[in-house]
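*Asks:* Below: one structure in structure tokens.
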Amino acid sequence: MTTDLLTTAGQHTKKIDPELVRRCIEPGATTPEAMTISEAGRAIAREIVGDNGPEDGIRQRCVVATGDPAIKDLLVFSNDPVKAGIGAISAGVTIYTDIRMVKTGIIKKGHECQIECVLDIEGAPELAQKLGITRTSAGFLSAAQGLENSIVVIGNAPSAAITVSRMVEYGIRPVMVVAVPVGFVNAAESKEKIRKIDIPSIICTGTRGGTPVAVACINEMIIMSGKV
């Protein structure tokens, strides 16, 4: 442990016990160690998944993010989503997420994309109450034409995936969609609806998925864009 970290903690506006700091950071808080852990995990994922192109890169990151080798066989890529996603990220399009946790997890450096959680779009809470729909569905409806030429990333809400699929059928066209909501109610069905629309998409079949998978998919494409 370095004295710099203790000094920084000591300068914090709230006094922190140095022993608490030591116990929290000693297991591996240096950048080189973090990089070593990341590289080791990725090497294991390459053995599990293979390494035959960009889709395998996304599968690898999802395996690492979930600790679940089986996730590699659940991911479905439709209409060349990696090419579409990388191109959109390079162009600096807006990325819309269903929940704040997904927004928080997305890499913020190395690209010019604005990241918006639809829960925070003006008018969404009122629309949800008025129509009796979920907040995430109301959020995507409130985004409306803003979804045109955007990237949509859904990691939690099946209702949001269903809403986005209907918006596409209506004529609103994002550049690509990552839809991996998790759960036993409507999750599998909602992802199938996304898979069947004529928009580039990444889904995972069945009930599995969630924020780690959604974030892994979009972050790998950000890294692939070559700017991180």
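The values are calculated or read from the model by the stated rules, or taken from the named source; none is laboratory data. In this text the structure is predicted, and so the values were computed from the model without any measurement. When we count neighbours, we look across all protein chains shown, and the Cβ atoms used for this are built from the backbone with ideal geometry, even at glycine. The area values use the complete protein model at the heavy-atom level, side chains included, leaving out ligands, DNA and RNA. Shrake-Rupley method; radii C 1.70, N 1.55, O 1.52, S 1.80 Å.
*Asks:* Counting only heavy atoms of the protein chains, get the accessible area per residue of the stretch 43-155 (1.4 Å probe) and round it to a whole Å² value.
*Replies:* 48
*Asks:* Counting only protein heavy atoms and a 1.4 Å probe, tell me what percentage of the stretch 116-196's accessible area is made up of carbon and sulfur.
*Replies:* Here carbon and sulfur together make up 51 percent of the probe-accessible area.
*Asks:* Related question: Sort 137-150, 170-183 for me by packing, meaning the mean count of neighbouring Cβ atoms within 10 Å per residue, highest on top.
*Replies:* 170-183, 137-150
*Asks:* Might you work out the accessible area of D56 for me, using a 1.4 Å probe with all protein chains in place, and round it to the nearest 10 Å²?
*Replies:* 20
*Asks:* Dipole magnitude of the stretch 163-202 about its Cα centre, charges +1 at Lys/Arg Cβ and -1 at Asp/Glu Cβ only, in debye to the nearest 20?
*Replies:* Dipole of the stretch 163-202, to the nearest 20 debye: 40 debye.
*Asks:* Let me ask another. Taking a threshold of 30 Å on the Cα-Cα distance, which of the pairs K72/K109; K83/K130; K72/K103; K109/K130 fall above it?
*Replies:* K83/K130; K109/K130
*Asks:* Give me the one-decimal nm value for the distance between modelled label points at R46 and E112, 7 Å along each residue's Cα-to-Cβ direction.
*Replies:* It is 3.3 nm.
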